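Participant: I'd like to ask you about the structure that follows.
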Amino acid sequence: IEIYSLHVDCKVTSRFAHTVITSKIVNRANESREATFEVELPKTAFITNFSMAIDGKVYPGIIKEKASAQKEYDTAVSRKQSAGLVKITGRKLEQFHVSISIAAASKVTFELMYEELLKRQLGKFELLIKVRPKQLVKHFQIDVHIFEPQGISFLETDSTFMTNELTEALTKVQNETKAHILFKPTVDQQKINPELNETLLNGDFVVRYDVKRAATAGDIQIVNGYFVHYFAPHEMPVFPKNVIFVIDRSGSMAGRKIEQTRDALLKILQDLRPEDHFSFITFNSRVVEWKSSVLQATAENVASAAGFVQTLSASGGTDINHALLTAVSVLDKAERLPERSVSMIILLTDGQPTSGERNVEVIQENIQKGVNGKYALFCLGFGFDVSYKFLEKMALSNGGIARRIYENADAALQLQGFYQEVATPILMKIEMQYPENAVEGLTKNNFKLFFEGSEIIVSGKISNELDLLPVEIKAQSVKSDLLIDSICYVFIINTDFSISAQEEDRKTLETQALELSLRYSFVTPLTSLVVTKPAGQQQTELANKPTEAG
């Protein structure tokens, strides 16, 4: 089985990436062989189409509502065979995998399309293309076209497999608003060495860029009756933070996890700004406060905290409820904090609640009632024994986010990386307001916090043909209340039904999301891609969108 052509074609327009992967395979044997198409794509991407063409006959994939697709599949195939075509394979990736049998000398063309809204983190957008052909490919090509109407401020490529020879196969062309990156290595350039027919191409091909920002109110683009508003102020003073680190030291954290936690916390302590305030709460079956109040991040207090962190050891149960309520109480009682400051709680845990209150729904209610919109809660789940859904719902209900920390050698770096993302709040209580009679179907348009280096995106439908859209942005900065009143000139549907929504709202949101998924052909948690194969083979397979386990 030979892959004679592999083409990755990616077009990015205003942060929205549309990727088409085309693999052409021929069976050089004189008998039937299995041809496999295996692609890793970002978890944040949505498959929109898949097809196979075997000796000229096309077998298209069809996107259907998940329950009805599963019903059809169960009728056609015994349950034992239902392996699913998509699975999570890493921190950022999921894998799409299809195998079919092709006759001697036959050719097959696989084509997969997926779309992704690129998210700005730490001042840049990142496009990740996973490259793993597992053999030398005669015609191998990656094309990335970027068009950003605001202008491209910087552009770089990175790769985990690049050599001097492969660098010669990489070209970049860039002007004010457009860029084209072409990676087209010859067979000889792909080889590990001239004698071996083994490929170097195994790893990540990454494009990073950012856009120019002029207007304070951000940038609005209007296409086909929809608008997208990008807002990312920069060069603004940072709010002082009041941070409580709530650290799980139960028995399951023993060994490497608690060591990595200590390493990360020691580095995070060095990153605190002198105007920040902080404290630690550690918990197993018991909850221990390092100090009874938050302390300013003076050199003396940071050194004292470092001494405390170095003594952290792990044993006992997990009382998440009591630990978080204690953190809320410490912030409630805190005095002499900067008048304009941002208070946040960062929870790190690796397990389920096993001590004190164990019912996760009761814990969620208790924490939401205690926090009452005053503080942001960030939840870090260490490893896979943790109930990620529980942490995610708790964080989203309290103005924060959840993140999984993977149990690898770089866990301490993952923890530090997360802290860096939330270390620089520059706006709070952000409200994006548009004329009521001009827009409908708005996505989320109020935000608790904005961090330096990120970006807020609001989209919606414009009721009539407008070329100009007035926008009013209200927010608080460290120095004053802001009111940005602007008229912005100029197709994405950014609908994320909230995990934190109440049950009845959630049903309505799910119905809307399903309708959009089917209308625009997206494989989401509510839809399935039905792949039909030639007669004589397991004829129907399903591709579903995997979700974070737990």
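Participant: What's the FRET efficiency of N175 with S285 using the Cβ-Cβ distance as r and R₀ = 60 Å, to the nearest 0.05? Before the final figure, lay out the partial values.
Facilitator: On the way: r = 62 Å, r/R0 = 1.03.
Plugging the Cβ-Cβ distance into 1/(1 + (r/R0)^6) gives 0.45.
Participant: Residue by residue, what Karplus-based ³J(HN,Hα) values in Hz, rounded to whole numbers, does region 122-133 have, using 6.51, -1.76 and 1.60 with θ = phi - 60° and x for Gly and Pro?
Facilitator: 6, x, 8, 9, 10, 10, 10, 10, 8, 10, 7, x
Participant: Suppose the chain between T163 and F147 were pulled fully straight at 0.36 nm per residue; how much longer would it get relative to their current alpha carbon spacing? Intermediate values should be presented prior to the final figure.
Facilitator: Numbers: separation 16, 0.36 × 16 = 5.76 nm, distance 2.81 nm.
That pair, T163 and F147, stretches by 3.0 nm at full extension.
Participant: Report the label-to-label distance for S329 and Q476 in nanometres (one decimal), using points 7 Å from each Cα along the Cα→Cβ vector.
Facilitator: Here the modelled spin labels are 2.6 nm apart.
Participant: Sticking with this structure for a sec: Identify all lysines with a Cα-Cα distance to K87 below 17 Å; exclude those on the same chain that are fewer than 8 residues away in sequence.
Facilitator: K43, K66, K130, K545
Participant: Here is a further query. In nm, to one decimal, how far is the modelled label at K461 from the one at E515, with both set 7 Å along Cα→Cβ?
Facilitator: 0.8
Participant: Right, here's the next one. Kindly identify region 241-423 as rounded, prolate or oblate by the Cα gyration tensor criterion: order the square roots of the eigenvalues as a ≥ b ≥ c, call it rounded if a/c is under 1.5, otherwise compare a/b with b/c, prolate if a/b is larger, else oblate.
Facilitator: Rounded.
Participant: Work from the charge dipole of region 241-423 (Cβ charges, +1 for Lys and Arg, -1 for Asp and Glu, about the Cα centre) and give the residue of V243, T311, G370 farthest towards its positive end.
Facilitator: Towards the positive end, the residue furthest out is G370.
Participant: What list of ³J(HN,Hα) values in whole Hz, one per residue of region 279-285 in order, does the Karplus curve 6.51 cos²θ - 1.76 cosθ + 1.60 (θ = phi - 60°) give from phi, with Gly and Pro shown as x?
Facilitator: Here the 3J(HN,Hα) series is 6, 10, 10, 10, 8, 10, 6 Hz.
Participant: I would also like to ask the following. Each residue of region 237-249 in order: what ³J(HN,Hα) in whole Hz does its phi give by Karplus 6.51 cos²θ - 1.76 cosθ + 1.60, θ = phi - 60°, with x for Gly and Pro?
Facilitator: Taking θ as phi minus 60°, the curve returns x, 8, 5, x, 10, 10, 10, 10, 8, 10, 10, 6, 10 Hz for region 237-249.
Participant: Check G316: other-chain or 5+ apart residues with amide H under 5 Å from its amide H, H built from backbone geometry?
Facilitator: Close amide H contacts, sequence-distant or interchain: G251.
Participant: What aspartates and glutamates could a cross-link reach from K374, if we take a straight Cα to Cα line under 14 Å and drop same-chain neighbours fewer than 8 places away?
Facilitator: Excluding near neighbours in sequence, the set is D332, E339.
Participant: Also: Picking from L324, L347, A412, whose Cα lies most toward the positive end of the charge dipole for region 241-423 (charges on Cβ: Lys, Arg +1; Asp, Glu -1)?
Facilitator: With unit charges placed on the Cβ atoms, the residue in question is L324.
Participant: Distance in nm between label sites at E436 and E421, each 7 Å beyond Cα in the beta-carbon direction?
Facilitator: 3.6
Participant: Given a Förster distance of 25 angstrom, what is the FRET efficiency for Q310 paired with Y406, based on the Cβ-Cβ distance and rounded to 0.05? Could the numbers behind the result be given before it?
Facilitator: Working: r = 24 Å, r/R0 = 0.96.
Efficiency computed from Cβ-Cβ geometry: 0.55.
Participant: Around A402, which amide H atoms from residues at least 5 apart in sequence, or from another chain, sit under 5 Å from its own amide H, with H modelled in the peptide plane?
Facilitator: C379
Participant: Work out the length of the dipole vector of the chain about its Cα centre, built from +1 on the beta-carbon of each Lys and Arg and -1 on the beta-carbon of each Asp and Glu, and round it to the nearest 20 debye.
Facilitator: Numbers: 60 positive and 68 negative charges, 151 e Å.
About 720 debye.
Participant: Round to a whole angstrom and tell me the spacing of the C-alpha centers of region 224-281 and region 389-411.
Facilitator: 12
Participant: In debye, nearest 20: dipole of region 241-423 around its Cα centre with unit charges on the Cβ of K, R (+) and D, E (-)? Please list the in-between numbers first.
Facilitator: Working: 19 positive and 21 negative charges, 23 e Å.
The calculation lands at about 100 debye.
Participant: If you don't mind, there's one more thing I want to ask. Could you tell me the calculated FRET efficiency between D271 and Y4, based on Cβ-Cβ distance and R0 = 45 angstrom, to the nearest 0.05? Write out the running numbers ahead of the final one.
Facilitator: On the way: r = 51 Å, r/R0 = 1.13.
Given R0 = 45 Å and the Cβ-Cβ separation, E is 0.35.
Participant: Over the Cα atoms of the chain, how large are the radius of gyration and the largest Cα-Cα distance (Dmax), in Å?
Facilitator: Cα radius of gyration and Dmax of the chain are 25.6, 81 Å respectively.
Participant: Ranking request for peptides 318-324, 6-12: highest mean number of other beta-carbon atoms within 10 Å first, then the rest in descending order.
Facilitator: Working: 318-324: 25.0, 6-12: 18.4.
Top to bottom by mean Cβ count within 10 Å: 318-324, 6-12.
Where a number appears in this text, it was derived from the coordinates with a stated rule and is not lab data. The structure displayed is predicted, hence computed values, not measured ones. Glycine gets a Cβ as well: all are built from the backbone with ideal geometry, and neighbour counts include every protein chain shown.
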